[in-house]
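Below is one structure; the comments refer to it alone.
The values are calculated or read from the model by the stated rules, or taken from the named source; none is laboratory data. Keep in mind that what you see is a predicted model, and the values were worked out from it rather than measured. FYI the Cβ positions are ideal-geometry reconstructions off the backbone, even for glycines, and counts take in every protein chain you see.
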Amino acid sequence: MDLKSLAKQTAKVTISYLTYQAVRVIVNQLNETDPPRGHWLSSFSSTGKLQDGEAYLQELLQANQELAFRVMTVRQHLAEEIAEFLPEMVQSGIQQANVEYRRQYLERITQMTLPDSPEPEAQPGSEPD
């Protein structure tokens, strides 16, 4: 397992996600202060380009430099705000989820289902109580 490569891929996904969140913040702000620009950014961002944050920003720089710089500023701020908490939250979230999945699995495999047993039949020659 190449941990360095895995870390790089994880960082890339995290950066793209922070870019996505920054765009969401800006679209919401613009929808309140400048609805036409908010609509434009929302439309520009809805074409699937946002899956790769870096490619998205390069295209946005070509289309609207001011909004691209705004996205970069907001995503940097988001990264700075969550960087301290993220490793612990990821580790504890995975640990809690794994414990829950293991508990559910253990409960499922240990549940005993009793076969349907027929009602006891009256023995011939015996009288009911």
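Some values worked out for this structure:
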{"quantity": "Residue, nearest to Q29 (Cα to Cα), within segment 64-84, restricted to residues that are of a type in the set (D, E, K, R) and either in a helix (DSSP H, G or I) or over 20 Å from the mean Cα position of the chain (by Cα) (or both)", "calculated": "R70"}
{"quantity": "Residues located in segment 94-127, provided they are assigned to a loop (DSSP other than H, G, I, E, B) and either modelled with pLDDT of 90 or more or acidic (D, E) (or both)", "calculated": "D116, E119, E121, E127"}
{"quantity": "Criterion: exposed (fewer than 13 other Cβ atoms within 10 Å of the Cβ), in a helix (DSSP H, G or I) and free of Cβ contacts under 8 Å to residues at least 24 places away in the same chain - qualifying residue of L6, L61, L30", "calculated": "L6"}
{"quantity": "Members of segment 33-55 found to be charged (D, E, K, R), surrounded by 13 or more Cβ atoms within 10 Å (Cβ to Cβ) and within 26 Å of F85 (Cβ to Cβ), listed by number", "calculated": "D52"}
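Table: residues versus (1) at pLDDT 95 or above; (2) polar (S, T, N, Q); (3) in contact with a helix residue (DSSP H, G or I) (Cβ under 6 Å, 6 or more places away or on another chain).
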{"residue": "K4", "(1), (2), (3)": "no, no, no"}
{"residue": "Q9", "(1), (2), (3)": "no, yes, no"}
{"residue": "V13", "(1), (2), (3)": "no, no, no"}
{"residue": "V23", "(1), (2), (3)": "yes, no, yes"}
{"residue": "T33", "(1), (2), (3)": "yes, yes, no"}
{"residue": "G38", "(1), (2), (3)": "yes, no, yes"}
{"residue": "L41", "(1), (2), (3)": "yes, no, yes"}
